[in-house]
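Remarks on the structure that follows.
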Amino acid sequence: MVMIDYKKLKEYGFKQNTARSIIREAKIKLVNDGFTFYENQRCGVVPVEKVEEILGVKFTNKAG
């Protein structure tokens with residue numbers, strides 16, 4: 001499973017606040033799916049697949 005954080009989203013061209021919001025939304029979806037680990041505020045990485053689901057686009061380079 002490949003993970004992504006807000007810094008990598010910034011490299012893809014998102015503004016800092018937008019990137020953080022995407023990560024936050026992905027964490028909420030993961031918690032709703034039963035992954036309580038993501039309730040931790042210090043956890044800043046989420047699976048790329050969840051971000052792709054939110055944005056509706058596929059990342060061509062999934063190498064972290």
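I'm trying to understand the selection: among the residues of the stretch 12-64, which are under 16 Å from MET1 (Cα atoms) and of a type in the set (Ser, Thr, Tyr)?
Selection gives TYR38, THR60.
Being open to solvent by less than 50 Å² (accessible area, probe 1.4 Å) and modelled with pLDDT of 95 or more is the requirement here; does VAL45 meet it? Give the derivation first.
On the way: open to solvent by less than 50 Å² (accessible area, probe 1.4 Å): no; modelled with pLDDT of 95 or more: yes.
It is false that VAL45 is open to solvent by less than 50 Å² (accessible area, probe 1.4 Å) and modelled with pLDDT of 95 or more.
With the checklist (1) touching a residue at least 40 places away in the same chain (Cβ under 8 Å); (2) surrounded by 15 or more Cβ atoms within 10 Å (Cβ to Cβ) in hand, flag the one item PHE14 doesn't pass.
Condition not satisfied by PHE14: (1).
The values are calculated or read from the model by the stated rules, or taken from the named source; none is laboratory data. What you see is a predicted model; the values in this text were computed from it and never measured. Here Cβ is always computed from backbone atoms with ideal geometry, including for glycine, and neighbour counts include all displayed protein chains. Surface accessibility is based on the protein's heavy atoms, side chains included, excluding ligands, DNA and RNA. Shrake-Rupley method; radii C 1.70, N 1.55, O 1.52, S 1.80 Å.
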